[in-house]
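A single structure is presented below for examination.
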Amino acid sequence: MAVAIVNYTPGIIFVNSVYLDTNILVSARDRKSQRYNSAALLLGDLFSNEVDLFITNLVIDEYIWALLRAYYRRDNRKELNQHIIKANPQVLLQYHWRIASGVKKILKFRRLTLASNLVPSKEIVVKAVNLMRTQLLSPRDAFHLAFIMKLNIDGIVTSDGDFDNLQIRRKNLTIYKY
Amino acid sequence: MLDILMASETRDYQIKSTKTDIKPKYKSHTPTMVQKINPILSGTHFYERYKGLNLLYYQQIMDTKDFEIFIGFVGEEIVGVKERDFEVYYPED
């Protein structure tokens, strides 16, 4: 049993279930993102292969933040930060309908499971904290991996390298990079 | 059904989009592939959104509902997300 890293190419055969990292959802939605084309192709292949898709609330949270930052930067030519939001919470309302529209469309994906409630929270917390130590992951990535392992999901789709050095012996995990 | 969905979705998008999002120019060299799917929407805006995606292929191999959801989701935003936007621990300044 091991972790396998697979570079995505169109037409690839997927495992039965994959966890969607936030970046594929955002990149496939934003046609001005650097990875738009590969992300959209990959999402199309996941759909056409009828792969079971998993996300958690964490993914939605990250999706919202990524787009909020991009909207704000595009419209104001500066970066959004916590000081700006605390000083003017109305900033959030400015982009709310677009954010909500995107989230609504994600939740319409067929074969998508919002898995946050499928595992007792205490088990996830314990697992994630343990993974931080054993896999040297950031807290957020440890939580993603905790869900993947607890739900026995076969793979993850991501563009970043945060999971490249995993050493997992008890489970096969395929990491699809695009 | 597909034409209705796409027309409706695009109209909704154009109404709510900021002015920088709207590129209503229509050119004559739109690919045949797009014209076959929906001649009304065969313009630059449509082409840019789905360029590189073989929609006819997806339409053939995907379940109809899957296809509608797919084309309604991909490429709708034009914001230029950067890698750092995915960082949970974002720099304050």
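The values are calculated or read from the model by the stated rules, or taken from the named source; none is laboratory data. Just so you know, these numbers come straight off a predicted model, no measurement behind them. Here the Cβ positions follow ideal geometry from the backbone for every residue, glycine too, while neighbour counts run over all protein chains shown.
Go through the residues of region A:11-31 one by one and say whether even a single one is under 15 Å from B:Y58 (Cβ atoms), crowded, with 18+ Cβ neighbours inside 10 Å and either touching a residue at least 40 places away in the same chain (Cβ under 8 Å) or in contact with a helix residue (DSSP H, G or I) (Cβ under 9 Å, 6 or more places away or on another chain) (or both).
Checked against the condition, which is being under 15 Å from B:Y58 (Cβ atoms), crowded, with 18+ Cβ neighbours inside 10 Å and either touching a residue at least 40 places away in the same chain (Cβ under 8 Å) or in contact with a helix residue (DSSP H, G or I) (Cβ under 9 Å, 6 or more places away or on another chain) (or both), region A:11-31 yields at least one hit.
Which count do you get for residues in region A:132-161 that are in a loop (DSSP other than H, G, I, E, B) and within 19 Å of A:L42 (Cα to Cα)? Before you say what the answer is, go through the steps one by one.
Taking region A:132-161 as the starting set, the residues that turn out to be in a loop (DSSP other than H, G, I, E, B) are A:136-138, A:151-154, A:159-161.
With the extra rule that they be within 19 Å of A:L42 (Cα to Cα), the set shrinks to A:153-154, A:159-161.
Final tally of qualifying residues: 5.
Okay, moving on. Out of the residues in region A:48-59 that are of a type in the set (A, V, I, L, M) and assigned to a helix (DSSP H, G or I), state the one that is surrounded by the most Cβ atoms within 10 Å (Cβ to Cβ). It would help to see each step written out before you state the result.
Within region A:48-59, the first condition is being of a type in the set (A, V, I, L, M), and the residues that meet it are A:51, A:53, A:55, A:58-59.
If we keep only those that are assigned to a helix (DSSP H, G or I) too, we end up with A:58-59.
Details: A:L58: 16, A:V59: 24.
Taking the candidates together, the pick is A:V59.
Every residue in region B:63-89 that is in contact (Cβ under 8 Å) with a residue 24 or more places away in the chain, among the β-branched types (V, I, T) and within 7 Å of another protein chain (Cβ to nearest Cβ), please.
Going through region B:63-89, the residues in contact (Cβ under 8 Å) with a residue 24 or more places away in the chain turn out to be B:64, B:67-68, B:71-72, B:74-76, B:78.
Then keep just the ones that are among the β-branched types (V, I, T); that gives B:64, B:71, B:74, B:78.
The answer is B:V74, B:I78.
Then there is this: May I ask you to verify whether A:F14 is at pLDDT 95 or above and closer than 20 Å to A:K104 by Cβ?
no
What number of residues in region A:1-47 are more than 7 Å from every other protein chain (Cβ to nearest Cβ) and assigned to a strand (DSSP E or B)?
Within region A:1-47, residues that are more than 7 Å from every other protein chain (Cβ to nearest Cβ) and assigned to a strand (DSSP E or B) number 9.
Tell me which residues, restricted to region B:46-60, are outside any helix (DSSP H, G or I) and surrounded by fewer than 18 Cβ atoms within 10 Å (Cβ to Cβ). Reasoning before the result, please.
Within region B:46-60, the first condition is being outside any helix (DSSP H, G or I), and the residues that meet it are B:51-54.
The answer is B:K51, B:G52, B:N54.
Same structure, new question: Identify the single condition in (1) within 8 Å of chain B (Cβ to nearest Cβ); (2) assigned to a loop (DSSP other than H, G, I, E, B) that A:W65 does not satisfy, given that it satisfies every other one.
Going through the list (1) within 8 Å of chain B (Cβ to nearest Cβ); (2) assigned to a loop (DSSP other than H, G, I, E, B), A:W65 breaks only (2).
If you go through region A:101-116, how many residues are in a helix (DSSP H, G or I) and closer than 27 Å to A:I153 by Cα?
Start the filter on region A:101-116 by keeping residues that are in a helix (DSSP H, G or I), which leaves A:101-107, A:115-116.
Going one step further and asking which of them are closer than 27 Å to A:I153 by Cα, we end up with A:102-107, A:115-116.
Final tally of qualifying residues: 8.
From the list A:I85, A:I55, which residue is free of Cβ contacts under 8 Å to residues at least 24 places away in the same chain and not polar (S, T, N, Q)? Even if it seems obvious, please write down each step before you answer.
Working: A:I55 fails: free of Cβ contacts under 8 Å to residues at least 24 places away in the same chain.
Among A:I85, A:I55, only A:I85 is free of Cβ contacts under 8 Å to residues at least 24 places away in the same chain and not polar (S, T, N, Q).
Inspect region A:83-96 for any residue being surrounded by 15 or more Cβ atoms within 10 Å (Cβ to Cβ), outside any loop (DSSP other than H, G, I, E, B) and within 18 Å of the chain's Cα centre (by Cα) and give the result as yes or no.
Checking region A:83-96: not a single residue is surrounded by 15 or more Cβ atoms within 10 Å (Cβ to Cβ), outside any loop (DSSP other than H, G, I, E, B) and within 18 Å of the chain's Cα centre (by Cα).
Scan region A:54-73 for residues that are closer than 17 Å to A:L112 by Cα and hydroxyl-bearing (S, T, Y) and jot them down.
Once the filter is applied, which keeps residues that are closer than 17 Å to A:L112 by Cα and hydroxyl-bearing (S, T, Y), region A:54-73 yields A:T56, A:Y63.
Hey, can you tell me all the residues within region A:117-131 that are outside any loop (DSSP other than H, G, I, E, B) and surrounded by fewer than 16 Cβ atoms within 10 Å (Cβ to Cβ)? Reasoning before the result, please.
Initially, region A:117-131 is screened for residues outside any loop (DSSP other than H, G, I, E, B), giving A:117, A:121-131.
If the condition is that a residue be outside any loop (DSSP other than H, G, I, E, B) and surrounded by fewer than 16 Cβ atoms within 10 Å (Cβ to Cβ), then A:N117, A:S121, A:K122, A:E123, A:V125, A:V126, A:V129, A:N130 are the ones that fit.
Can you tell me which condition A:R133 does not meet? The list is (1) under 21 Å from A:V18 (Cβ atoms); (2) away from chain B (no Cβ under 11 Å), and all the others hold.
(1)
Look through region B:52-62, keep the residues that are more than 7 Å from chain A (Cβ to nearest Cβ) and either over 16 Å from the mean Cα position of the chain (by Cα) or hydroxyl-bearing (S, T, Y) (or both), and return whichever of them is farthest from A:R73 (Cα to Cα).
Within region B:52-62, the subset more than 7 Å from chain A (Cβ to nearest Cβ) is B:54-57, B:59-60.
Filter once more, so that each one left must be either over 16 Å from the mean Cα position of the chain (by Cα) or hydroxyl-bearing (S, T, Y) (or both): B:57, B:60.
Details: B:Y57: 36, B:Q60: 39 Å.
Among them, the one singled out is B:Q60.
Checking A:L58 against (1) within 10 Å of chain B (Cβ to nearest Cβ); (2) touching an Asp or Glu at 6+ places or on another chain (Cβ under 9 Å), only one condition comes out false. Which one?
Answer for A:L58: the failing condition is (2).
Name the one entry in A:S159, A:S138 that is over 14 Å from the mean Cα position of the chain (by Cα) and among the small types (G, A, S).
Answer to the selection: A:S138.
Taking the stated definitions as given, is A:E50 facing chain B (nearest Cβ under 7 Å) and in contact (Cβ under 8 Å) with a residue 40 or more places away in the chain? Full working, then the answer.
On the way: facing chain B (nearest Cβ under 7 Å): no; in contact (Cβ under 8 Å) with a residue 40 or more places away in the chain: yes.
For A:E50, the condition - facing chain B (nearest Cβ under 7 Å) and in contact (Cβ under 8 Å) with a residue 40 or more places away in the chain - is not met.
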